[in-house]
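The values are calculated or read from the model by the stated rules, or taken from the named source; none is laboratory data. Predicted model, so just to flag it, every value in this text is computed and none were measured. No Cβ is skipped: glycine too gets one built from the backbone with ideal geometry, and neighbour counts run over all protein chains shown. Side chains are part of the model used for accessible areas, which takes the heavy atoms of the whole protein and leaves out ligands, DNA and RNA. Shrake-Rupley method; radii C 1.70, N 1.55, O 1.52, S 1.80 Å.
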Amino acid sequence: MGSREPGGRSPAQGWPGVGGQLAGRLARLDLYRQEDLILHLPLRYEDETRLTPIADARHGFPAQIEGEVVSCEVTLRPRRQLVARVRDASGTLVARWLNFYPSQQKQLSVGRSVRLFGEVRGGFFGDEMVHPRLRPVEPGEALPDALTPVYPTTAGVGQATLRKLIDLALRTVALDDPIPPAVCSRLGLPGFAEAVRALHHPAPDADPAALENREHPAWRRIKFEELLVQQLSLRRAYNARRALGAASLPPRRQLTQALLSQLAFSLTGAQQRAVAEISADLAAAHPMQRLLQGDVGSGKTVVAALAMLQAAENGWQAALMAPTEILAEQHYRKLHDWLAPLGIEVAWLSGSRKKREREAELARLHGGELLLAVGTHALIEDPVAMPKLALAVVDEQHRFGVRQRLALREKGQAGQRPHMLMMSATPIPRTLAMTHYADLDVSVLDELPPGRTPIRTRLVSDGRRDEVVGRVRDACLGGRQAYWVCPLIEESEALQLQTAVDTFEMLSADLPELNVGLIHGRLKADEKAATMAAFAAGDLQVLVATTVIEVGVDVPNASLMVIEHAERFGLAQLHQLRGRVGRGTAESVCILIYAQPLSETARARLKVIYEQTDGFAIASEDLHIRGPGEFVGARQSGVPLLRFASLEEDDDLIEPARALAERMLAREPKLAERLLTRWVGGREGLLRA
Ligand code: ADP
Ligand code: MG
């Protein structure tokens, strides 16, 4: 083996005509094996089947012209460039190259016929093409009769080189088809060989639009195969996890029952279902990997607490990790209030605790005397050892990176994987759940606890800010409380802070009869905690806040949420912020103050948040507006990303791919292996890290 890339692959070796330098460049394109070239598919196509007379070429549109070179020179001003004039029967055109090779100069000698493909525009010398594609031709030479593919490439690898390598690969590499013909014909898809040939060498009568927008059956076949490979690799990850060992934690119904009988409420049907699913997973001897998905306020915390108690009643440890100090402390207080009467202590690990308190707790966690811990990412830091950790719960999981979630998992004993419960209020749209998240089991809380009154949402332009201040005054004098969220200033943290302070001062001046508090990310952890506690206790009526309150904060008496410059926030953020109210019995209102002019996206977002209160509907609209990028960014494991298939446009192929993957792994594992080799080569392990 030669030197290996970080991905565990070495650059191409032993291909005809490919030396070390080219091999290195191909590696940048992720082309390591000849087989990779087959799936290096065109980015787009160009139509070189027609010639446009120079006089008819429209500015700003690609065109191909053919003519005779009437002059060619290297000019030095305004900068060094190659300038040629080409003439046909209708007119003359200038072609310029800023970087050029001697060979190009030779092809452009006066009197020769050339074809130029590029965009025409008005230039200093008249109509011109800058860096057109150049092809010398014999007069009267036939035009290509089909579209020309244009490949993704990198510096130093020309289209012609790629085309040559790909053509060779098409002749050399086995184009066997692991997908049964019956499946293909049912879905109206061509075989593999036919599909890749059609994409690399479109037929003269191929529909150019279908090729361009990737709806051609050949594209659909490739996209189906890609989705199938994704399903196969997810399925294998899932099976591999089930082969690992974990502590079996059967429900003993001692502690869990004690908590249930002591709660002031009874569980909703959805909570009961989720608890049963989690409880069954915990009893198994392989690690659970479950996502508990429930809209803001659906009551995920108590479900997590019950799971943690099931670990504790088996003598094992459980940890709950939250993304912010505020949230971690709130969880700690809630668990403490619930569990102290049962005689169970909870460790609280956060950056803000005194060293001495911390060390005592760490020692007791290490010794296994303390079974339950709540904290921020302080939990995953080094001094924390929980040798009997059997359950790791991650709240607002999308706020953590993959690495942080994995680090929590590593806290247990070597060789034993803790069960993982991830919680999120950001629902995963159906197509993503079936693809990028398919190695997770999911429990859904699709029901809110009773007694909630729906939140009314108001859109108000910033000219009416005074009226909004008046509403805050009325609500608070009536015994309620309000959040006032400051405008988001993403570019500058300093400016963000200044805005928060200004807003606080302004509201304090406008509302002298009320106690106004301020909370932002720069406060020390104990200052934040003190402010939150004062707000929760009702000593503060108005809380001016940056988005530090975005997730999880639970103060049921707060019934008014004001968000300034709402047009700057993302949909998920607005939904989370709005979810801070509507937690008690009073009618809650969310006022979104916006400033004109609104961008089209901002307008679309505000419309969605105004019309929808359901988190699932909002998330799927969000997927529409933004595309899957950000959702995928929070995916569980490095599942292969999709190069060709689109979850929106090809969602009809996902279910058939899933079904076939299952069948293939059960009945034809060799074919599954073949597909994985073709698509991901030896990289599957890395992708799943
Ligand atoms: P989230 O799912 O957003 O994390 P929480 O767990 O913070 O929601 O719960 C929101 C509020 O609802 C809390 O005050 C919690 O105690 C309360 N709650 C949870 N489950 C129920 C229930 N079944 N009935 C009534 N209130 C509940
Ligand atoms: Mg929560």
Added length on full extension, which subtracts the Cα-Cα distance from 0.36 nm per residue, Arg80 to Phe616:
187.2 nm
Accessible area in the full protein assembly, largest first, 1.4 Å probe, for Asp281, Asp614, Asp205:
Asp205, Asp614, Asp281
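I need to check one value: relative contact order of the chain, counting alpha carbon pairs closer than 8 Å and at least 6 residues apart, in percent. Let's see the in-between values first.
Details: 1219 pairs, mean separation 86.3, N = 689.
Answer for the chain is 13 percent.
Express the carbon and sulfur contribution to the solvent-accessible surface of the chain as a percent, rounded to the nearest whole number, probe 1.4 angstrom.
Numbers: 15720 of 30800 Å².
Carbon and sulfur: 51 percent of the exposed surface of the chain.
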Compute the helix-to-body angle for 355-366: its Cα long axis versus the longest principal axis of the chain, expressed 0 to 90° and rounded to tens.
80
Sort 560-569, 647-656, 366-375 by the packing proxy (mean of other Cβ within 10 Å over each peptide's residues), most packed first.
560-569, 366-375, 647-656
Heavy atoms of the protein only, probe of 1.4 Å, neighbouring chains included. What is the accessible area of Lys388 in Å², nearest 10?
80
Work out the FRET efficiency for Glu357 and Val173 from their Cβ-Cβ distance, taking R0 = 51 Å, and round it to the nearest 0.05.
0.20
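Show me the GluC sites (Glu not before Pro) within segment 462-492 that DSSP assigns to loop and that have at most 13 other Cβ atoms within 10 Å of their Cβ. If you can, show how the numbers build up before the last one.
On the way: sites: Glu467, Glu490, Glu491; in loops: Glu490, Glu491.
Sparse-neighbourhood loop GluC sites (Glu not before Pro): Glu490, Glu491.
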Using only the heavy atoms of the protein chains and a 1.4 Å probe, how would Leu540, Leu37 rank by accessible area, largest first?
Leu540, Leu37
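Rank these residues by their accessible area, most exposed first, probe 1.4 Å: Arg197, Arg358. Write out the running numbers ahead of the final one.
On the way: Arg197 120, Arg358 45 Å².
These residues rank, largest area first, as Arg197, Arg358.
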So what's the gap between the Cα centers of segment 566-595 and segment 351-399, to the nearest angstrom?
33
Give the distance, in whole Å, between the Cα centre of segment 286-348 and the Cα centre of segment 485-547.
28
Positive end of the dipole of segment 255-445, charges at C-beta (+1 Lys, Arg; -1 Asp, Glu), about the Cα centre: which of Ile344, Thr431, Gln262 has its Cα farthest in that direction?
Thr431
With labels modelled as points extended 7 Å from the Cα through the Cβ direction, what inter-label distance (nm, one decimal) is found for Lys524 paired with Arg58?
6.8
To the nearest 10 square angstrom, how much accessible area does Arg80 have with a 1.4 angstrom probe?
140
Dipole check, the chain, charges on Cβ (K,R +1; D,E -1), about Cα centroid: among Ala533, Pro656, Pro597 the Cα furthest to the positive pole belongs to Pro656
To the nearest 0.05, what FRET efficiency results for Glu381 and Leu459 with a Förster distance of 60 Å applied to their C-beta separation?
0.85
Please report, in whole Å, how far the alpha carbons of segment 255-445 spread along each principal axis, starting with the longest.
48, 38, 33
Pairwise label distance in nanometres, Glu345 with Leu51, each label 7 Å out on the Cα-Cβ vector:
9.1
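At a Förster radius of 45 Å, what calculated FRET efficiency corresponds to the Cβ-Cβ distance of His336 and Lys670, to the nearest 0.05?
Details: r = 56 Å, r/R0 = 1.24.
In this case the efficiency is close to 0.20.
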When the helix-only estimate is applied to the chain (DSSP H runs of n ≥ 4, each -39,500 (n - 2.57), divided by the residue count), what is the mean residue ellipticity at 222 nm, nearest 500 deg cm²/dmol?
-12000 deg cm²/dmol
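Based on the alpha-carbon gyration tensor of segment 455-612 and its eigenvalue square roots a ≥ b ≥ c, which shape applies: rounded if a/c is under 1.5, prolate if not and a/b is larger than b/c, or oblate? Please report the intermediate quantities before stating the final value.
On the way: a/c = 1.43, a/b = 1.21, b/c = 1.18.
It comes out rounded by the Cα gyration axes.
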Whole-angstrom Cα spans of the chain along principal axes, big to small:
95, 64, 48
Rounded to the nearest 10 degrees, what's the angle between the helix 651-667 long axis and the longest principal axis of the chain, both from Cα atoms, 0 to 90?
80
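On a full-extension model of 0.36 nm per residue, what is the gain between Thr677 and Thr154, subtracting their alpha-carbon distance, rounded to one decimal in nm?
Details: separation 523, 0.36 × 523 = 188.28 nm, distance 2.45 nm.
Extra length available between Thr677 and Thr154 comes to 185.8 nm.
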Note down the nm distance, to one decimal, between modelled labels 7 Å out along Cα→Cβ at Glu655 and at Asp205.
3.4
Chymotrypsin sites (Phe, Trp or Tyr not before Pro), restricted to segment 107-176: which are DSSP loop and have at most 16 other Cβ atoms within 10 Å?
Phe124, Phe125
So between Glu600 and Arg87, what do we pick up on full extension, going 0.36 nm a residue minus the alpha carbon distance?
180.1 nm
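Hey, can you find the accessible area per residue of the chain for me, probe 1.4 Å, expressed in square angstrom?
Working: 30800 Å² over 689 residues.
Ligands and nucleic acids excluded, the figure is 45 Å² per residue.
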Lysine pairs in the chain 8 or more apart or on different chains: how many have alpha carbons under 25 angstrom apart?
22
